[in-house]
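**Student:** First the structure, then my questions, so here it is.
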Amino acid sequence: MKIKFLGTGTSHGVPLVNCGCHTCTSTDPKNTRYRSSVWVHDNGVDIIIDTPAEFRLRTLEYKIPKIDAILMTHAHADHIAGLDDIRIYNEIQSGPVPLYLDEKTREEILSRYSYIFKETQEGGGKPKLLLEGIEHGNVFSIKGIRIEPLKVRHGGLEITGFLINNKFAYITDCSFMPDETLAAIKGVKVLVLNALRHKPHPTHFNLDEAIAAAKRSGAITSYFTHIAHALEHNITEKELPLGIKMAYDGLEIEI
Ligand SMILES: [Zn+2]
Ligand SMILES: [Zn+2]
Ligand SMILES: [Zn+2]
């Protein structure tokens with residue numbers, strides 16, 4: 001299984017507009033972060049988790065050949081703003097792209113992307129999506145790839161993480177990990193988890209909370225994503241315990 005990070009930034013992206021801080025003015029490409037998303041490639045199957053605003057730029061840069069399915073964690077703008085750009089894959093694949101989402105996310109997508117689901121003039125075309133409902137803990141499969149949706153708390157919201165083929169877990173925008181999710185990912189080979197900044201935040205793990213959750217999970221290797229400019233890549237990585245790393249845009253890992 002190959003994982004490629006399409007973006008590792010928090011909702012503003014990094015650099016922040018007009019910010020003169022050390023991270024935002026860094027020339028190290030690891031400090032440039034698009035909004036968070038990953039491409040999972042396993043056994044010829046291509047799965048994208050979340051479609052942020054920069055999604056199209058990454059499909060060009062990394063030459064993503066096709067999309068067998070999109071998994072959506074939740075409907076905040078930084079995770080869905082690029083959804084319209086799947087239109088080209090409808091053309092390439094001559095058909096709809098399946099979009100897997102929990103009930104709350106489905107309601108949000110139906111309302112915020114209402115034009116997709118209405119009879120309107122086609123013009124430049126509209127995304128063709130096959131909405132597939134999912135529930136936490138109910139395992140399903142995409143062309144032989146096992147997917148387990150995980151319950152994740154994001155402030156007062158309940159959102160979704162994913163465990164793929166029992167060896168890769170992707171959890172972003174988490175502020176609290178329920179016991180059943182910790183149990184499901186126990187000892188997973190690779191965990192991707194959000195770590196925002198040093199200061200506490202009401203709806204996201206800060207660095208200490210993310211480290212504690214990564215340790216509790218027993219994951220062999222954890223990578224942090226959804227990172228704000230407060231965390232400079234190299235300085236932060238030096239502070240991390242063994243087995244925990246900072247992800248960065250373009251990072252590719254084999255599991
Ligand atoms: Zn987010
Ligand atoms: Zn900054
Ligand atoms: Zn969010």
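**Student:** Filter region 203-239 down to residues that are over 23 Å from R58 (Cα atoms) and among the β-branched types (V, I, T) and give me whichever is least open to solvent (accessible area, probe 1.4 Å).
**Tutor:** The qualifying residue least open to solvent (accessible area, probe 1.4 Å) is T236.
**Student:** If you don't mind, another one. In region 1-21, what count of residues is obtained for those that are in a loop (DSSP other than H, G, I, E, B) and among the β-branched types (V, I, T)? Full working, then the answer.
**Tutor:** Narrowing region 1-21 to residues in a loop (DSSP other than H, G, I, E, B): 1, 8, 10-13, 15-21.
From what is left, the residues that are among the β-branched types (V, I, T) are 8, 10, 17.
Here the count works out to 3.
**Student:** Another question about this same structure. If you go through region 22-51 one residue at a time, how many are within 16 Å of ligand 3 (Cβ to nearest atom), free of Cβ contacts under 8 Å to residues at least 60 places away in the same chain and either within 15 Å of F162 (Cα to Cα) or assigned to a loop (DSSP other than H, G, I, E, B) (or both)?
**Tutor:** 2
**Student:** Quick check on region 179-186. Is at least one of its residues over 15 Å from H136 (Cα atoms) and either small (G, A, S) or at pLDDT 95 or above (or both)?
**Tutor:** Yes - at least one qualifying residue is present in region 179-186.
**Student:** Restrict the check to region 68-78 and report whether at least one residue is within 16 Å of ligand 2 (Cβ to nearest atom), open to solvent by less than 20 Å² (accessible area, probe 1.4 Å) and at pLDDT 95 or above.
**Tutor:** No.
Rundown of residues vs (1) crowded, with 21+ Cβ neighbours inside 10 Å; (2) not aliphatic (A, V, I, L, M), yes/no style:
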| residue | (1), (2) |
| --- | --- |
| F5 | yes, yes |
| R35 | yes, yes |
| N43 | no, yes |
| I48 | yes, no |
| T51 | yes, yes |
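**Student:** Given (1) crowded, with 21+ Cβ neighbours inside 10 Å; (2) more than 30 Å from N18 (Cβ to Cβ); (3) among the hydrophobic types (A, V, I, L, M, F, W, C), identify the lone condition not met by L242.
**Tutor:** Status for L242: all satisfied but (1).
**Student:** Would you mind telling me which numbered condition in (1) under 24 Å from H76 (Cα atoms); (2) more than 16 Å from ligand 2 (Cβ to nearest atom); (3) touching a residue at least 24 places away in the same chain (Cβ under 8 Å); (4) surrounded by fewer than 23 Cβ atoms within 10 Å (Cβ to Cβ) P200 fails?
**Tutor:** (3)
**Student:** Another question, then. Which of the residues that make up region 1-21 are free of Cβ contacts under 8 Å to residues at least 12 places away in the same chain and within 16 Å of ligand 1 (Cβ to nearest atom)?
**Tutor:** Within region 1-21, none qualify.
**Student:** So which residues in region 126-176 are closer than 24 Å to I253 by Cβ, part of a loop (DSSP other than H, G, I, E, B) and open to solvent by 30 Å² or more (accessible area, probe 1.4 Å)?
**Tutor:** V139, K143, G144, N165, N166, K167
**Student:** Next question, about the same structure. With respect to I92, is the statement that it is open to solvent by 80 Å² or more (accessible area, probe 1.4 Å) and at pLDDT 95 or above true?
**Tutor:** In short, yes.
**Student:** Given the structure, is Y113 within 14 Å of G7 (Cβ to Cβ) and open to solvent by 20 Å² or more (accessible area, probe 1.4 Å)? Quick ask: steps written out before the conclusion?
**Tutor:** Values: within 14 Å of G7 (Cβ to Cβ): no; open to solvent by 20 Å² or more (accessible area, probe 1.4 Å): yes.
Spelling it out, it is not the case that Y113 is within 14 Å of G7 (Cβ to Cβ) and open to solvent by 20 Å² or more (accessible area, probe 1.4 Å).
**Student:** I'm checking my understanding of the structure. Among residues of region 134-175 that are more than 16 Å from L193 (Cβ to Cβ) and of a type in the set (A, V, I, L, M), which one is nearest to the chain's Cα centre (by Cα)?
**Tutor:** Checked region 134-175; the qualifying residue nearest to the chain's Cα centre (by Cα) is I147.
**Student:** Might you let me know whether region 34-41 holds any residue that is within 9 Å of ligand 2 (Cβ to nearest atom) and of a type in the set (A, V, I, L, M, F, W, C)?
**Tutor:** Looking through region 34-41, none of the residues is within 9 Å of ligand 2 (Cβ to nearest atom) and of a type in the set (A, V, I, L, M, F, W, C).
**Student:** Also: Could you look through region 177-194, keep only residues that are assigned to a strand (DSSP E or B) and open to solvent by less than 10 Å² (accessible area, probe 1.4 Å), and pick out the one that is farthest from ligand 2 (Cβ to nearest atom)? Don't jump to the end; show me each part of the working.
**Tutor:** We begin by selecting, within region 177-194, every residue assigned to a strand (DSSP E or B); these are 190-194.
From what is left, the residues that are open to solvent by less than 10 Å² (accessible area, probe 1.4 Å) are 191-194.
Details: L191: 27, V192: 23, L193: 22, N194: 18 Å.
By that ranking, first place goes to L191.
**Student:** Is there any pair linking a residue in region 65-86 that is on the phi < 0 side of the Ramachandran plot and assigned to a helix (DSSP H, G or I) to one that is more than 15 Å from ligand 3 (Cβ to nearest atom) and not β-branched (V, I, T), with Cβ under 7 Å and at least six apart or on different chains, and which?
**Tutor:** Correct list of pairs: L83/Y113; L83/P127; D84/P127; D85/F55; D85/R56; I86/P127.
The values are calculated or read from the model by the stated rules, or taken from the named source; none is laboratory data. Note that this is a predicted model, so its numbers are computed, not measured. Cβ: placed from backbone, ideal geometry, glycine included. Neighbour counts: every protein chain shown. The accessibility values were calculated without ligands, DNA or RNA, using every heavy atom of the protein model including side chains. Shrake-Rupley method; radii C 1.70, N 1.55, O 1.52, S 1.80 Å.
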